[in-house]
1. Which whole-number percentage describes the relative contact order of region 166-309, with Cα contacts under 8 Å and a sequence gap of 6 or more?
2. Can you run phi through the Karplus equation (6.51, -1.76, 1.60; θ = phi - 60°) for region 160-165 and list ³J(HN,Hα) in whole Hz, with x for Gly and Pro?
3. Calculate, in nm to one decimal, what R182 and T168 gain on full extension: separation in residues at 0.36 nm each, minus their alpha carbon distance.
4. Within region 196-317, what percent of beta bridges assigned by DSSP are antiparallel, to the nearest 5?
5. Could you run the Karplus curve 6.51 cos²θ - 1.76 cosθ + 1.60 with θ = phi - 60° over region 118-132 and give me ³J(HN,Hα) per residue in whole Hz, x for Gly and Pro?
6. Contact order normalised by length for the chain, with contacts defined as Cα pairs under 8 Å and 6 or more residues apart; what percent is it?
7. For K436, go through the lysines and keep the ones whose alpha-carbon is under 26 Å away, minus same-chain ones fewer than eight residues off.
8. Over the chain, with every protein chain in place, what whole percent of the accessible area is carbon and sulfur at 1.4 Å, could you tell me?
Amino acid sequence: MKNESLRTAALPLIVTRMTQHLLLGQTLSFSGDPLTSDWADVTRHDSQGGVLVVDGRIVQVGPADVLKRAHPQAQTHDYGDALISAGFVDSHMHYPQTAMIASWGKRLIDWLNTYTFPEEMRFGDQAYADDIAGRTLDLALDHGTTTLTSFCTIHPESVDAFFGAADTRGMAVVAGKTCMDRNAPDGLRDTAQSAYDDSKALLQKWHGKGRASYAITPRFTPTSTPKQMHALGALWTEFPDCLMQTHLSEQLDEIAWVRDLHPQSRDYLDTYESAGLLGARGLYGHAIHLEPREIDRIAEIGGALVHCPTSNTFIGSGLFDMAGLKARGISVGLATDTGGGSSFSMLRTMAAAYEIAQLHGTPLHPSQLMWLATEGSARALHMGGQIGSLTAGAAADICVIDLGSTRAIDQRTNRASDIWEALFPTIMMGDDRAIKAVWVNGTLR
Ligand code: GUN
Ligand code: ZN
């Protein structure tokens, strides 16, 4: 009885103590996938909108005047005519490559050997890993990205560094120990057994802790023996709610190498499938040069492909077929792939996706680009509705975009006759200067 009365007495106190925030500005949200439905039917824009945030969650999105009247107690943050969007979700990147981004003149395999592997060698040093992990997450937030999906290195320290730094910042992240037991230098190889043991220990330590999700991470077929891939496939069977991330069919030389290494396999995807590494919770980065059978199989299984457009042009990999793959019903996320990607900005990444789609003759509408950078990536991560969405019930991971952040953008936006004309110059020419505010889990950064 005593407990009961204490509980009822305490409840109103808890409610009033919860800080309520009302963000005002233009709002952009989606009720469906604008790449598979008519974008205009599933895109909602309110030129005078509001977002009510309570206790880290979005509780209501609607017209500003309605929300102001209904919630006079809320702390108001008026962003004028800036655009309030879900925070960006980067569905494939390599935080250990932050310090070597924009390295000149190599293609994939040479680029890995020349620039990437020597840098990744340093991540056995906990202090270095902590430094780069924190730096990467801060850079992401500067650019309006509230979720990163990262490869780490073979070192468990690199995984602890990343999840620890994300936890400190309250960010939802996905990451895993990158596993490699062949075709990598001394000091950057594990074994089938140690990859399994370390991945399992890290998964048990981090998966579901706070906002962390673990992804089992074989780097790609050339650097994992069949024995290692089978061990990681077995681990995925033990922990089926984890994601699995890897690379697939990025460059023609790489595909030829995979064919040499696995003459019995039907194709590149088959090297994963035969090891238990093809599944609905699989994330396959790049996926540019797919065979018809591979496309059929991914469509059937429901795994997600991740488009990394700045990387695909920077490393000279090729042109991802967004329209063709979406038409097959395949889930596609959007990603920077830093440091193979040349920018931390998901705005710049959208611009590159637009340009690649143009080269296919299928330009993406700004609403489609924004969806891919937020909810599309979240759905690829099986986190749709939880992150990447400006709707009630989602985490309050939000970015506020200034649509006139530079003189060049502003003079163009001033002529705009609707939100899409006002937003597109920022997608094409914007960077971190366009990010006016970032909220992470309901806290203003
Ligand atoms: N394939 C295997 N490893 C990598 C990597 O680190 N970056 C890119 N772009 N492709 C890869
Ligand atoms: Zn990658």
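The values are calculated or read from the model by the stated rules, or taken from the named source; none is laboratory data. Just so we're clear, the structure is a prediction, and the values are computed from it rather than from any experiment. Glycine also receives a Cβ, built like all others from the backbone with ideal geometry; neighbour counts cover every protein chain displayed. Side chains included, ligands, DNA and RNA excluded: accessible areas come from the protein's heavy atoms. Shrake-Rupley method; radii C 1.70, N 1.55, O 1.52, S 1.80 Å.
1. Computed value for region 166-309: 21 percent relative contact order.
2. With the stated coefficients, region 160-165 comes to 4, 4, 5, 5, x, 5 Hz.
3. 1.6 nm
4. Numbers: 0 of 10 bridges.
Taking every DSSP beta bridge within region 196-317, about 0 percent pair in antiparallel fashion.
5. Once θ is set to phi - 60°, the couplings for region 118-132 become x, 5, 5, 4, 7, 8, x, 8, 4, 5, 5, 4, 4, 4, 6 Hz.
6. About 19 percent, as a whole number.
7. Within the straight-line cut-off, K436 pairs with K68.
8. Taking all protein chains in place, the chain shows 51 percent carbon and sulfur surface.
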